[in-house]
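The values are calculated or read from the model by the stated rules, or taken from the named source; none is laboratory data. Computed from a predicted structure; not experimentally measured. Methodologically, a virtual Cβ is constructed for each residue, glycine included, from the backbone with ideal geometry; neighbour enumeration extends over all protein chains shown. Protein only, heavy atoms only, side chains kept; ligands, DNA and RNA dropped before computing areas. Shrake-Rupley method; radii C 1.70, N 1.55, O 1.52, S 1.80 Å.
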Amino acid sequence: MSAIDNATHSGNLKQAKNLFDFLFEKYPNHPELIIKAAQFLIAVNEIEAAQKMLATIRPDNREFHAKARAVEKLIEFRVAAENPGETEIEQLYAQACQHIINEEYDAGLSLFLKIVGISRKYREDGARKAMIAVFDLLGPDHPLIPQYRKQLMLQLY
């Protein structure tokens, strides 16, 4: 999948799509591939196709279901980033969402944490929920997770 990452990051979306097509021929129901493809589709604004792919990962697939739901959260992040609102907190949330979409996780998590400090009520605790979704997206072994989990707990309590 590193070839797909390289193609995507270099802007060669056609090559990335061709690589996905090739892999899906060999591994049509591979959850990790489905999640990666859904992330790609969200990045290129093919939201419906991404949702259909993610819906194939059922709740009984414990290993990948939480990650699939976290990727679905990227769709919400995209909508929020494209509609920043007028208040400062709305704009901060939109910026945080854009950072996450751009895979700038440190910057996005930092802004979400700032929002948690400003108002837990904003979007019904949306910034905290967004952070948890990013934690699920990145997985427990990502180096940012312990740092931001700790900061979130300190902010909450």
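For the chain, the relative contact order works out to 14 percent when only alpha carbon pairs closer than 8 Å and six or more residues apart are counted.
At a probe radius of 1.4 angstrom, the accessible area of the stretch 15-157 per residue rounds to 58 square angstrom.
Taking GluC sites (Glu not before Pro) in DSSP loop states with no more than 10 other Cβ atoms inside 10 Å as exposed sites, the chain has its longest site-free stretch at 1-85.
Helix check for the chain. Which DSSP H runs span at least 24 Å along their own axis by Cα, with a mean Kyte-Doolittle hydropathy no less than -1.0?
62-82
Put simply, the stretch 21-91 fits an ellipsoid with semi-axes of 27, 14, 8 Å; these come from the alpha carbon gyration tensor as the roots of five times its eigenvalues, largest first. With K and R counted +1 and D and E -1, the other residues having a Cβ less than 9 Å from that of Ala127 yield a net charge of +4. For the stretch 96-149, the calculated P(r) over all alpha carbon pairs, in 10 Å bins from 0 to the bin holding the longest distance, is 27, 59, 14 percent. With a sphere of radius 9 Å drawn around the Cβ of Ile57, what net charge do the other residues whose Cβ falls strictly inside it have (Lys, Arg +1; Asp, Glu -1)? Charge balance in the 9 Å sphere: +3. D for the stretch 6-59, whole µm²/s, Stokes-Einstein with Kirkwood Rh over alpha-carbon pairs at 25 °C and 0.890 mPa s: what number? D, rounded to a whole number, is 216 µm²/s. Sparse packing (at most 11 other Cβ atoms within 10 Å of the Cβ) combined with a DSSP loop state is found for the following trypsin sites (Lys or Arg not before Pro) in the stretch 99-143: Lys121. Of the listed residues Tyr105, Tyr157, the order by accessible area with a 1.4 Å probe, largest first, is Tyr157, Tyr105. Among the listed values [x] 1.42; [y] 1.11; [z] 1.07, the one computed from these coordinates for Cα Rg over 2.2 N^0.38 Å is [z].
When the Cα positions of Pro84, Ile100, Phe64 are compared along the charge dipole of the stretch 1-130, Phe64 comes out farthest toward the positive end, with charges on each C-beta of Lys, Arg, Asp and Glu.
Of the listed residues Tyr122, Tyr93, the order by accessible area with a 1.4 Å probe, largest first, is Tyr122, Tyr93.
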